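The values are calculated or read from the model by the stated rules, or taken from the named source; none is laboratory data. Worth saying up front: this structure is predicted, and the values here are computed from it rather than measured. Here the Cβ is made from the backbone with ideal geometry for all residues, glycine too, and neighbour counts use every protein chain on show. Only protein heavy atoms, including side chains, enter the accessible area calculation; ligands, DNA and RNA are left aside. Shrake-Rupley method; radii C 1.70, N 1.55, O 1.52, S 1.80 Å.
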Amino acid sequence: DGLALIDGQKAFELFNDPRRQQGLVVFVDARNSEHFQQGHIPGAYEFDYYRYDDYLAAVVPACQNAQQVVVYCTGGKCDDSRLAANFLGGIMPKEKVMVYGGGIAEWTDKGWPVEKGPAKR
C-alpha cells in the first residue's frame, strides 16, 4: 500500500519524541471504543475505522497538523491499522502515515505506558 511499517522500538522512540508533546507526532488507535477504553497508548486518538465518521472531526485536524502519524491496532494479524492508515493516507500526505505492526499487544508486553478510559480531549 505504500505505507511505512515500523517496529516497537521505532514506535517507542516516536512516543518519547519531544515533538509528540507539540502535536507533531500523533498516535492513532484503530480499534473499537471498548478496546480503546481497556488500554491505549497515552494521548492516542481513537479512530475506529468501521465507524470513522464518529472520529473524523477530532482525528483529521490533529493528523494534518502532525509531521508523523503512527496508526496501530491490536497487532499481529489485526488489519485495522492498515485500513485506517490507508484511509488517513487518502486525505493527507501518505508519507507521514505509518503502521506500528506490533500494536498494543507488543506495547503492553514490553511494559510501556498505557492509559485507560475514554480519550481525554
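Quick look at the numbers
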quantity	calculated
Ordering of 89-98, 69-78 by burial proxy (mean other Cβ atoms within 10 Å per residue, highest first)	69-78, 89-98
Segment 1-55: mean projected area of Cα convex hull, nm²	4.7
Among N16, N32, N86: highest mean-square fluctuation, GNM of the chain, C-alpha pairs under 10 Å	N16
Difference of contour (0.36 nm per residue) and Cα-Cα distance, I91 to A4	29.7 nm
Expected 222 nm ellipticity per residue - DSSP helices of 4 or more, -39500 (n - 2.57), all of the chain, to 500	-9500 deg cm²/dmol
Tail fraction, Cα-Cα pairs, segment 40-90, threshold 14 Å, whole percent	51
Solvent-accessible area, 1.4 Å probe, carbon plus sulfur percent, for the chain	49
Cβ-isolated cysteines (cut-off 4.7 Å), the chain	C63
Kirkwood Rh in Å, taken over the chain so that all alpha-carbon pairs contribute	13.8
Virtual paramagnetic centre 7 Å along Cα→Cβ of D79, amide N under 19 Å, in segment 19-48	30-32, 48
Under 17 Å from K10, Cα to Cα: aspartates and glutamates that are on another chain or at least 8 residues apart	D29, E95, E106, D109
Interatomic Cα distance distribution for segment 50-121, bins of 10 angstrom, percent	18, 48, 33, 1
Residue-count net charge about G75 - beta-carbon cut-off 13 Å; Lys, Arg +1, Asp, Glu -1	-2
Efficiency of FRET between Y50 and Q22 - r from beta-carbon atoms, R0 25 angstrom, step 0.05	0.25
